[in-house]
Amino acid sequence: MGEYKPTREEAYALLRKYNSSDSLIKHALAVEGVMRHFAGLFGEDVEKWGIIGLVHDLDYEMYPEEHCKKVRSILKEENWPESYIRAIVSHGWKLCSDVEPVERMENVLYAIDELTGLINATALMRPSKSVMDLEVKSVVKKMKSKGFAAGVNREVIIEGVQRLNMELNQVIDETIKGMRKVAEEIGLKGTVS
């Protein structure tokens with residue numbers, strides 16, 4: 001019969017079961033969109049990468065103190081494959097998890113999780129309130145401004161980018177492209193037609 005693979009519908013239902021916060025749902029959808037984009041870029045399993053992105057913060061709202069720990073027991077109970085669970089747990093490496101991201105998929109998630117937050121905040125500062133006309137240089141400028149979106153961990157972004165052996169600008173560019181694909185769902189379509 002093979003290993004159980006969760007569907008996108010099942011993953012989304014689970015996300016809604018444990019999360020009611022609009023901003024957390026939008027963050028999950030943004031990370032899903034970017035993970036799908038990167039999977040396509042690397043010729044990887046788009047569905048798997050997207051689902052992992054979608055539920056990466058599954059335990060955050062209800063169990064903030066156990067973030068990246070509680071998710072393991074939740075997903076084990078749901079019979080999720082270990083590769084999915086490990087990837088999700090590894091995104092909190094050094095922050096709330098001792099599982100190091102090793103696979104390319106894990107390193108992408110590690111790098112873009114905080115980055116989507118920075119891009120989101122940068123897009124909302126624009127007159128258009130949109131990711132559709134957002135440029136890499138604007139994000140880089142905001143990244144250097146320590147007071148802006150202070151909750152965003154820049155060190156994680158930089159380390160994640162290095163772990164991917166990519167340039168920061170390239171990762172920002174591809175992350176913006178991934179977020180554009182879900183701009184409507186994450187509230188970042190803005191006034192750009």
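Remarks
- Qualifying residue in the stretch 67-75 (condition: at pLDDT below 95, touching a Phe, Trp or Tyr at 6+ places or on another chain (Cβ under 9 Å), part of a loop (DSSP other than H, G, I, E, B) and not basic (Lys, Arg)): yes
- Qualifying positions in the stretch 45-68 - surrounded by fewer than 22 Cβ atoms within 10 Å (Cβ to Cβ) and among the aromatic types (Phe, Trp, Tyr): 60, 63
- Just so you know, in the stretch 107-138 the residues that are among the charged types (D, E, K, R) and within 20 Å of residue 24 (Cα to Cα) include one that is surrounded by the fewest Cβ atoms within 10 Å (Cβ to Cβ), and it is 129.
- Residues that are in contact (Cβ under 8 Å) with a residue 24 or more places away in the chain and in a helix (DSSP H, G or I), drawn from the stretch 84-107: 84, 87, 88, 104, 105, 107
- Lone qualifier among 132, 166 - being in contact (Cβ under 8 Å) with a residue 24 or more places away in the chain and not in a helix (DSSP H, G or I): 132
- Of all residues in the stretch 173-193, those that are modelled with pLDDT of 95 or more have Cβ atoms under 9 Å from Cβ atoms of residues that are crowded, with 21+ Cβ neighbours inside 10 Å and of a type in the set (Phe, Trp, Tyr), 6 or more apart or on another chain, in 174/38; 175/38; 178/38.
- Annotation: residue 36 fulfils all but one of (1) surrounded by fewer than 15 Cβ atoms within 10 Å (Cβ to Cβ); (2) within 23 Å of residue 115 (Cβ to Cβ); the unmet one is (1).
- The numbered conditions (1) exposed (fewer than 14 other Cβ atoms within 10 Å of the Cβ); (2) in contact (Cβ under 8 Å) with a residue 60 or more places away in the chain are all true for residue 156 except (1).
- Evaluation of residue 141 against the conditions (1) charged (D, E, K, R); (2) assigned to a loop (DSSP other than H, G, I, E, B); (3) free of Cβ contacts under 8 Å to residues at least 12 places away in the same chain shows that the sole unmet condition is (2).
The values are calculated or read from the model by the stated rules, or taken from the named source; none is laboratory data. Computed from a prediction, not measured in an experiment: that's the story for all the values here. Note that each Cβ is placed from the backbone with ideal geometry, even for glycine, and that neighbours are counted across all protein chains shown.
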